[in-house]
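Data first, discussion second: the structure below is written as structure tokens.
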Amino acid sequence: MHHRRIHYVLIIALVLFGGCMKGSQLSGNMVPRNPGKKPAIAIISEGLFADMIGNDLFLKGFTIIERNRLVKVIHEQAIQKSGLTEEAAFVEAGKLLNVQALMFIDQKTDDNKVLLYASIKLVDVERGAIIGSFHYRQGRGFRKEHMEAISRRIAAAIAGPYRAAR
């Protein structure tokens, strides 16, 4: 009889605890202008997460230009002094560096540096149009998805439309 009660208590605890868990979510879409060619992407955002996504995209065959190189071009060309917004300055620098897309990453972490939310936007340099937009939200519960796994998922979602291209 005692074992049966413990069994029921464990089942109830698992059901209740399982109901509190919610998996992480990645949503969004990538609509490349030319799915036959992977674009050179300039990552505008700074930080570890941006570096991780850049590395994962590089491993998938993308050419990655880092923010520091764009900033140097902006300073050399004195684009910021021409009255352009920061985003327009990056677009102009991207054109000078022959980059086809810019990636902007906005993220929020908790006090333990666990990624809670990320918004990733890819902008076509030539047209100024968004060609990719993704949103990530960390799941609830004690098991948190590591930043490495999140960056791999995002890179795979970005690369997805290019897989069939040869």
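The values are calculated or read from the model by the stated rules, or taken from the named source; none is laboratory data. This one's a predicted model, so the numbers in the text were calculated from it and none came from an experiment. Cβ: placed from backbone, ideal geometry, glycine included. Neighbour counts: every protein chain shown.
Mind checking which residues of region 20-34 are charged (D, E, K, R) and part of a strand (DSSP E or B)? Explain how you work it out, then say what you get.
Initial filter on region 20-34 (charged (D, E, K, R)): 22, 33.
Listed by number, the list holds a single entry, LYS22.
For the subset of region 95-125 comprising residues that are touching a residue at least 40 places away in the same chain (Cβ under 8 Å) and charged (D, E, K, R), which member is nearest to PRO39 (Cα to Cα)?
ASP124
Modelled with pLDDT of 80 or more, in contact with an Asp or Glu (Cβ under 9 Å, 6 or more places away or on another chain) and outside any loop (DSSP other than H, G, I, E, B) - does that describe any residue in region 35-45?
Yes: one or more hits.
Report yes if some residue within region 75-82 is hydrophobic (A, V, I, L, M, F, W, C) and modelled with pLDDT of 80 or more; otherwise report no. I'd like the intermediate steps shown before the answer.
From region 75-82, those hydrophobic (A, V, I, L, M, F, W, C) are 78-79; that's our starting set.
Then keep just the ones that are modelled with pLDDT of 80 or more; that gives none.
The answer is no, given that none of the residues of region 75-82 is hydrophobic (A, V, I, L, M, F, W, C) and modelled with pLDDT of 80 or more.
Could you list all residues from region 110-142 that are of a type in the set (Phe, Trp, Tyr) and either on the phi > 0 side of the Ramachandran plot or at pLDDT 90 or above (or both)? Break it down stepwise before answering.
Residues of region 110-142 that are of a type in the set (Phe, Trp, Tyr), as a first pass: 117, 134, 136, 142.
The answer is TYR117, PHE134, TYR136.
Looking only at residues that are at pLDDT 90 or above and among the β-branched types (Val, Ile, Thr) in region 46-73, which one is nearest to THR109 (Cα to Cα)?
Looking at residues that are at pLDDT 90 or above and among the β-branched types (Val, Ile, Thr), I get ILE53.
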